[in-house]
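Asker: The structure's right below; bear with me while I get my questions together.
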Amino acid sequence: MEKERIKLLLLLPADAIHRFKVGNFKKSLRYAPITLTYLAALIPKDLDIDLKLLDEGNESINSINFEPDLVAISVMTGTSSRAYTLADNYRKKGVKVVMGGVHPTLLPDEAALHADTVVVGFAERSFPQLLIDFQKGKMKKFYIDREQMPLNKIPIPRRDLLNKKDYITINTIIATRGCPNRCKFCVVPYVWNKKYFRRPINDIINEIKTLEGNHVVFIDVNLLEDDNYTRELLTALIPLKKYWFGLSTIKALLNKAIMNLVIKSGCKGLLIGFESVTNKSLISLNKGFNNVAKYANMMKILHDNGIRVNGTFLFGADADDKSVFEETVKFVDRIKIDLPRFSVFTPYPGTPIFKELEKQDRIIEYDWAMYDVEHVVFKPKLMSPKELEEGLHWAWKETYSIKSIFKRITGTTSILGVILLTNLGYKYYANKLPKYNKFIMTQE
Ligand code: SF4
């Protein structure tokens, strides 16, 4: 008997801010997420699949003409409400729905209320298996895989399925997964079961060789964590003569040998989690390995070597009082962070800090659509939720005033146009952010 063709929709839902396209999130300034192309690459070759990828940040679900038999949705906490609405609509029409990703891994029972199948943990083994089971009409309610996941021989993402014009680049890649640190606000250690996984260097280099253009973007949350692995990876990147961008901790960059290799291997931009400009807040966030006294010199070395920095700062740590906003804004101007980003402490459901704050009666918001790190969902210790929210908005506006932008990017020689453009994108975002209240954030 001939096997039936499966019409499969791989769906990445977007929260209201991304769906309604605010400021720097307009499609021309986004790089391609890897989730959908990676899931597409995991589809067993012998299955007959009619495939559609939908990244809601770029394309409206209402504009597609595709009637799926099966929808697989990758869900983050901030997009979970949206994902549930879409899933419920599909299921009403008799379409089967699979959910996986960060949020279903942390709250599988909740996701199961809106899905026929929930993938908990890694998708590498579960996703191909559930497709085979679907074809046999035997898909299970849960596929759980949280053990060791060797990253050797993972497939190359199906970038050919993307429309290049939708993104600033489709050259996104991963080298590692997870993180061995335990920063209080971070969901990563709990999603990847407190482990850190490394891909074989040769596999990464071979994948990079398949990419068009002269650049590559590592989207690993903590690329340079393991010194030996980092040295090997960066050394292997040198002969490729590509520009690369990625995320790094400060502690990695304070290691001179690593910093030299970062420079030598063609790094042009880093996203760095500074989080706070005071050591007491860093300690309260369990990120004491950042060292405020070293920030300025590190920034100077990076700038002197043509490396631009997207620096992230977080407000609302237990040690933060109302002075944190002004102090941070002055600091980012002084050390010339090229592209600062501000967020508020967000205790993700399913993590120990969420339970701890819940016990202390400090969780004030249970609509996950508000868990986008730009809305206050808990009671801070040394200020009110309103003061935290207003301080966040003030910091964004102040930092993206024309005066501050020019103060920060003066002296920038390399990629000045890009830095200016992205700053103006963030300026637009900073002005719009206060308008994104609960009414809008929870719009379906
Ligand atoms: S914030 Fe960064 S360093 Fe800290 S746990 Fe998360 S990924 Fe690791």
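Asker: State the number of residues belonging to region 339-379 that are of a type in the set (Val, Ile, Thr), open to solvent by 10 Å² or more (accessible area, probe 1.4 Å) and assigned to a loop (DSSP other than H, G, I, E, B).
Answerer: Initially, region 339-379 is screened for residues of a type in the set (Val, Ile, Thr), giving 344, 346, 351, 353, 363-364, 373, 376-377.
If we keep only those that are open to solvent by 10 Å² or more (accessible area, probe 1.4 Å) too, we end up with 353, 363-364, 373, 376.
Next cut, assigned to a loop (DSSP other than H, G, I, E, B) only: 364, 373, 376.
Total meeting the criteria: 3.
Asker: Just wondering, is there one or more residues in region 282-305 that are within 25 Å of Lys381 (Cα to Cα), assigned to a strand (DSSP E or B) and in the same structural domain as Tyr243 (by TED's automatic domain parsing)?
Answerer: No, every residue in region 282-305 fails to be within 25 Å of Lys381 (Cα to Cα), assigned to a strand (DSSP E or B) and in the same structural domain as Tyr243 (by TED's automatic domain parsing).
Asker: Open to solvent by 40 Å² or more (accessible area, probe 1.4 Å), touching an Asp or Glu at 6+ places or on another chain (Cβ under 8 Å) and basic (Lys, Arg): is that true of Lys136 in this structure? It would help to see each step written out before you state the result.
Answerer: Working: open to solvent by 40 Å² or more (accessible area, probe 1.4 Å): yes; touching an Asp or Glu at 6+ places or on another chain (Cβ under 8 Å): no; basic (Lys, Arg): yes.
No.
Asker: Answer yes if at least one residue in region 397-404 is of a type in the set (Asp, Glu), closer than 20 Å to Lys322 by Cα and more than 20 Å from the chain's Cα centre (by Cα), and no otherwise. Steps first, answer last, please.
Answerer: Within region 397-404, the subset of a type in the set (Asp, Glu) is 398.
Pick out the ones that are also closer than 20 Å to Lys322 by Cα and you get 398.
Pick out the ones that are also more than 20 Å from the chain's Cα centre (by Cα) and you get 398.
Yes, some residue in region 397-404 is of a type in the set (Asp, Glu), closer than 20 Å to Lys322 by Cα and more than 20 Å from the chain's Cα centre (by Cα).
Asker: Residues in region 164-179: is at least one within 12 Å of the ligand (Cβ to nearest atom), small (Gly, Ala, Ser), closer than 17 Å to Ile34 by Cβ and modelled with pLDDT of 90 or more? Step through it out loud before you land on a result.
Answerer: In the first step, residues of region 164-179 are kept if they are within 12 Å of the ligand (Cβ to nearest atom); the result is 176-179.
Next, only the ones that are small (Gly, Ala, Ser) stay: 178.
If we keep only those that are closer than 17 Å to Ile34 by Cβ too, we end up with 178.
If we keep only those that are modelled with pLDDT of 90 or more too, we end up with 178.
Looking for residues that are within 12 Å of the ligand (Cβ to nearest atom), small (Gly, Ala, Ser), closer than 17 Å to Ile34 by Cβ and modelled with pLDDT of 90 or more, one finds at least one in region 164-179, hence yes.
Asker: Go through region 160-175 and count every residue that is open to solvent by 80 Å² or more (accessible area, probe 1.4 Å) and either of a type in the set (D, E, K, R) or more than 20 Å from the chain's Cα centre (by Cα) (or both). Talk me through it step by step, then tell me what you get.
Answerer: Residues of region 160-175 that are open to solvent by 80 Å² or more (accessible area, probe 1.4 Å), as a first pass: 160, 163-165, 168.
Okay, now just the ones that are also either of a type in the set (D, E, K, R) or more than 20 Å from the chain's Cα centre (by Cα) (or both), so 160, 163-165.
Total meeting the criteria: 4.
Asker: Where residues in region 317-338 are of a type in the set (Val, Ile, Thr) and either out of contact with any Gly (no Cβ under 7 Å at 6 or more places or on another chain) or more than 30 Å from Asn305 (Cβ to Cβ) (or both), which of them is surrounded by the fewest Cβ atoms within 10 Å (Cβ to Cβ)? Quick ask: steps written out before the conclusion?
Answerer: Step one: list which residues in region 317-338 are of a type in the set (Val, Ile, Thr), which gives 324, 328-329, 332, 335, 337.
Okay, now just the ones that are also either out of contact with any Gly (no Cβ under 7 Å at 6 or more places or on another chain) or more than 30 Å from Asn305 (Cβ to Cβ) (or both), so 324, 328-329, 335.
Values: Val324: 25, Thr328: 26, Val329: 23, Ile335: 20.
Checking each candidate, the answer is Ile335.
Asker: Is it the case, given these coordinates, that Ala257 is over 24 Å from the mean Cα position of the chain (by Cα) and part of a loop (DSSP other than H, G, I, E, B)? Don't jump to the end; show me each part of the working.
Answerer: Working: over 24 Å from the mean Cα position of the chain (by Cα): yes; part of a loop (DSSP other than H, G, I, E, B): no.
No: the conditions fail for Ala257.
Asker: Tell me whether region 141-150 contains one or more residues that are loosely packed, with under 14 Cβ neighbours inside 10 Å and closer than 17 Å to Ala72 by Cα. Give the derivation first.
Answerer: At the first step, the residues of region 141-150 found to be loosely packed, with under 14 Cβ neighbours inside 10 Å are 141, 146-148, 150.
Now restrict to residues that are closer than 17 Å to Ala72 by Cα: 141.
For region 141-150, residues loosely packed, with under 14 Cβ neighbours inside 10 Å and closer than 17 Å to Ala72 by Cα: present.
Asker: Follow-up question, since we're still on this one. Out of curiosity, is Ser60 under 30 Å from Asn310 (Cα atoms) and surrounded by fewer than 19 Cβ atoms within 10 Å (Cβ to Cβ)? Don't jump to the end; show me each part of the working.
Answerer: Numbers: under 30 Å from Asn310 (Cα atoms): yes; surrounded by fewer than 19 Cβ atoms within 10 Å (Cβ to Cβ): yes.
Yes: the conditions hold for Ser60.
Asker: So, one more: Kindly indicate whether any position in region 311-325 is part of a helix (DSSP H, G or I) and either under 27 Å from Tyr426 (Cβ atoms) or in contact with a Lys or Arg (Cβ under 6 Å, 6 or more places away or on another chain) (or both).
Answerer: Here is the first cut: in region 311-325, the residues part of a helix (DSSP H, G or I) are 324-325.
Still in the running and either under 27 Å from Tyr426 (Cβ atoms) or in contact with a Lys or Arg (Cβ under 6 Å, 6 or more places away or on another chain) (or both): 324-325.
Looking through region 311-325, at least one residue is part of a helix (DSSP H, G or I) and either under 27 Å from Tyr426 (Cβ atoms) or in contact with a Lys or Arg (Cβ under 6 Å, 6 or more places away or on another chain) (or both).
Asker: For Ala252, only one of the following conditions fails: (1) open to solvent by less than 10 Å² (accessible area, probe 1.4 Å); (2) touching a strand residue (DSSP E or B) at 6+ places or on another chain (Cβ under 9 Å). What is its number?
Answerer: (2)
The values are calculated or read from the model by the stated rules, or taken from the named source; none is laboratory data. What you see is a predicted model; the values in this text were computed from it and never measured. Please note: Cβ atoms are built from the backbone with ideal geometry, for glycine as well, and neighbour counts cover all protein chains shown. Just the protein is used for accessible areas: all its heavy atoms, side chains included, with ligands, DNA and RNA removed. Shrake-Rupley method; radii C 1.70, N 1.55, O 1.52, S 1.80 Å.
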